[in-house]
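The values are calculated or read from the model by the stated rules, or taken from the named source; none is laboratory data. These numbers were taken from a predicted model, which means no experiment stands behind them. Backbone-built Cβ (ideal geometry, glycine too); neighbour counts: all protein chains shown.
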Amino acid sequence: MYAVIGGAGEMGYQVARILLREGFDLAIIERKGERIDEISNLDALIVRGNAASPRVLKNAGVDRANIYLGLTGSDEANIVSCAIAKAKGCRTIGRIESGDYLVEPVSGSLSRFGVDTAVCPDLVASRKIARMITTSYLVDMEIFAGGKLQVFELPIRDFESFAGAKVGDIPMPPGSRIIAYVRGREIFIARPQDQLRGDERLIIVCTDMRTIGAIGEVTGDKNLQTRVSKIMIYGATRVGIDLAKSMERRCEVILMDDNEESCRKAAESVKDALVINGSATDENVLEEEGISDVDAFIAVTKYEETNMLASLLAKQYGAKRTVALINKGAHKSMFERVGIDVAISPRLATVGVILQNIYAGTAIAMSVMHNAELKIAEMYVDASSKIANRILRKVKLPEGATIVGILRGDALLEIDDSTHILPGDRVVIATLADVSTKITNIFERRKIL
């Protein structure tokens, strides 16, 4: 499979890393010399120039490509380059930021212009936060198997109980288990014999979110039991306004911004949310607006330093949980180490959406975590795939992979070594980045000669 990526920013770079690991042949178009230097370690054809140029696209091999991804920072360049690639026979995916072009996170509305699938990172992030608020007590969560499986990340708050404990000895509530853990900058698939230090972040799978309070009791996070009835959003950005519109009928919403004109425009967009002109980095403003009664404080300004400061201040003055938008996925662990509950990168959140569309037909859902070092995918088992009609204990998964769950029809199976994997099943599997190619091969259809 040959793919061409236009744009080597964080999103393009992360998608490129994953596709190369999964055996794609790849070309990357980038016009900035400093970015070319930063991606020179990738085993890909790197072409310097404007991705919207027919000549540059030809030099990148778009004539023989299967997929083209327009991921530059310019909507117009992405649309033009997708149109050219589409005319050459490519399937196309384009990053679109402007509300003039796109009003949904993922859409086929620009297909007449050559963009088969248009993706908006800001709206992907906004809807992810809204989903977290409404279904998961504000933990960083992904949903699989038609909502029957939730995978989320929690820090260990109860250091003394976890230090030296083995994963298999942790008393997790029924229907939940630890599938991976993050230690420093490294991530590991959890094995029962693995010994924890007590400072890790746990990746947990759960079949019933009603048990999340009990999971919080185990990890020492008491605020997981708090239902969200009042939120404060700082930043009348596209993320902030879309989030306010999504949540204003479900709970009390305060939308705050420093800029008076931004507040005026926001007030015209929302119906029930209260729009306030003020700074959430001012403790007096926070106290005046009742921060101690806020269940969730969400900072979504364009500046991640401001988001960090405002979130920490809100936490100090009584907000139960905090969410901060970040510009670089690599900063996630730093934000969460200093006490912010969830840090979200719109670009990294969008990587999973892009991968899901690349693997359309095989992957039903896909997400990446921790700077794309962990991939969780819901894969369809075709009758001719290598894993079909196999007993689970005979499926040779590489170290660094674990099956999270299996959906058969509408039923989530209780799996063990004797479980048969049948055609039509949907298998949710977590894999570390360096073994993802082997997992993709397991679900590939057998070639019939």
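Within the range 14-23, identify whether any single residue is surrounded by fewer than 16 Cβ atoms within 10 Å (Cβ to Cβ) and under 21 Å from MET366 (Cα atoms), and answer yes or no. There is at least one residue in the range 14-23 that is surrounded by fewer than 16 Cβ atoms within 10 Å (Cβ to Cβ) and under 21 Å from MET366 (Cα atoms). Among residues of the range 172-225 being assigned to a helix (DSSP H, G or I) and hydrophobic (A, V, I, L, M, F, W, C), the one that is modelled with the lowest pLDDT is LEU224. A count restricted to the range 112-146 and to residues that are at pLDDT below 85 and of a type in the set (Phe, Trp, Tyr) stands at 1. Does the range 173-195 contain at least one residue that is free of Cβ contacts under 8 Å to residues at least 40 places away in the same chain, closer than 22 Å to ILE326 by Cα, basic (Lys, Arg) and out of contact with any helix residue (DSSP H, G or I) (no Cβ under 9 Å at 6 or more places or on another chain)? Yes, that holds for at least one residue. The residue that is surrounded by the fewest Cβ atoms within 10 Å (Cβ to Cβ), counting only those in the range 307-341 that are over 19 Å from ARG201 (Cα atoms), among the aliphatic types (A, V, I, L, M) and out of contact with any strand residue (DSSP E or B) (no Cβ under 8 Å at 6 or more places or on another chain), is LEU309. Look at the range 250-266: where a residue is part of a loop (DSSP other than H, G, I, E, B) and a partner is surrounded by fewer than 22 Cβ atoms within 10 Å (Cβ to Cβ), sitting 6+ places away or on another chain with Cβ atoms under 7 Å, you get ARG250/THR134; CYS251/VAL228; CYS251/SER229; CYS251/LYS230; ASP258/SER279. Note on the range 294-303: residues that are modelled with pLDDT under 95 and not in a loop (DSSP other than H, G, I, E, B) amount to 1.
For the range 113-124, the criterion of being outside any loop (DSSP other than H, G, I, E, B) and hydroxyl-bearing (Ser, Thr, Tyr) is met by at least one residue. Counting only strands (runs of 3 or more DSSP E) that sit wholly inside the range 364-449, those with at least 2 residues that are free of Cβ contacts under 8 Å to residues at least 40 places away in the same chain and closer than 18 Å to LEU149 by Cα are 401-408.
Going through (1) buried (at least 22 other Cβ atoms within 10 Å of the Cβ); (2) under 22 Å from the mean Cα position of the chain (by Cα); (3) free of Cβ contacts under 8 Å to residues at least 40 places away in the same chain one by one, ILE298 falls short only on (3).
With the requirement that a residue be at pLDDT below 90 and β-branched (Val, Ile, Thr), what does the range 152-169 give you? The one that is at pLDDT below 90 and β-branched (Val, Ile, Thr): ILE156. Listed by first and then second residue, the pairs with beta-carbon distance under 9 Å, at least 6 apart or on different chains, first residue in the range 64-85 and closer than 15 Å to VAL15 by Cα and in a strand (DSSP E or B), second modelled with pLDDT of 95 or more and among the hydroxyl-bearing types (Ser, Thr, Tyr), are ILE67/TYR2; ILE67/THR92; TYR68/SER81; TYR68/THR92; LEU69/THR92; GLY70/SER81; GLY70/THR92.
When residues in the range 16-56 are screened for being within 15 Å of SER81 (Cβ to Cβ), touching a residue at least 24 places away in the same chain (Cβ under 8 Å) and either assigned to a helix (DSSP H, G or I) or of a type outside the set (Val, Ile, Thr) (or both), 6 of them pass. When ARG131, ARG95, ARG157 are checked against the criterion of being touching a Cys at 6+ places or on another chain (Cβ under 9 Å), within 30 Å of ALA299 (Cα to Cα) and of a type in the set (Lys, Arg), a single residue qualifies: ARG95.
Taking the conditions (1) touching a helix residue (DSSP H, G or I) at 6+ places or on another chain (Cβ under 7 Å); (2) touching a residue at least 40 places away in the same chain (Cβ under 8 Å); (3) part of a loop (DSSP other than H, G, I, E, B) in turn, ALA349 satisfies each one other than (3).
Taking (1) in contact with a strand residue (DSSP E or B) (Cβ under 9 Å, 6 or more places away or on another chain); (2) surrounded by 13 or more Cβ atoms within 10 Å (Cβ to Cβ) in turn, ASP417 satisfies each apart from (2).
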